[in-house]
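Shown next, in structure tokens, is the structure this report addresses.
Bear in mind that the values in this text are calculations on the coordinates, not laboratory data. Keep in mind it's a predicted model, so treat the numbers as computed, not measured. A quick note on method: Cβ atoms are made from the backbone with ideal geometry, for glycine too, and the neighbour counts reach across all protein chains shown.
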């Protein structure tokens with residue numbers, strides 16, 4: 001996903017002559033931002049689809065020299081809605097390399113929690129009561145990635161607000177949040193008053209220039225395009 005793409009692009013920027021991302025599915029199923037995948041490919045990073053690592057092979061002196069890989073093919077759909085990747089028997093091959101950067105999944109770093117103190121799922125996330133967000137430890141609440149797994153920031157913010165309310169109730173309060181000043185919702189306009197317009201392209205640092213530096217890749221909008229973008233409806237592509 002995004003970690004693999006970030007690692008690959010960083011490796012290129014610190015001097016790697018060639019960078020390969022090995023992925024067991026196809027690019028269209030990669031859980032990384034599409035624009036970052038495109039930018040990585042523009043910079044010369046190779047994404048090897050339908051290939052999975054089997055084992056690392058050392059040079060006899062404790063340094064990795066190659067990866068044994070195997071070809072994959074797509075099968076039935078799994079619980080995430082993506083097609084499963086299964087091994088193609090007898091398709092093993094060796095990939096000569098100098099360094100390996102493992103970027104497979106992620107896990108919660110919980111040195112402050114003793115084993116079995118708080119109930120956890122098989123994925124290492126906390127078990128919580130969905131009604132009040134309390135964990136299996138009395139008085140301890142949780143939300144965000146430690147409960148949901150990797151997800152967007154707005155979901156974590158929503159969990160934080162819900163947890164704040166339930167914690168207040170737990171401590172004897174009324175659970176009401178200070179939501180600040182009320183915002184007036186503008187009226188809905190007629191369809192014939194709406195103009196559809198795709199997002200303007202942002203200025204980008206050229207691939208040959210950006211792959212040698214850690215400078216910002218996306219340079220932003222031209223002033224007039226930025227003004228036009230500010231007129232866009234926040235809920236869709238309308239403005």
Item checked: Subset of segment 101-123 (residues that are within 24 Å of the chain's Cα centre (by Cα) and surrounded by 13 or more Cβ atoms within 10 Å (Cβ to Cβ)) -> 101, 103, 108, 110, 120
Check: Could you list, in sequence order, the residues of segment 111-153 that are more than 29 Å from residue 176 (Cα to Cα) and part of a strand (DSSP E or B)?
Finding: 120
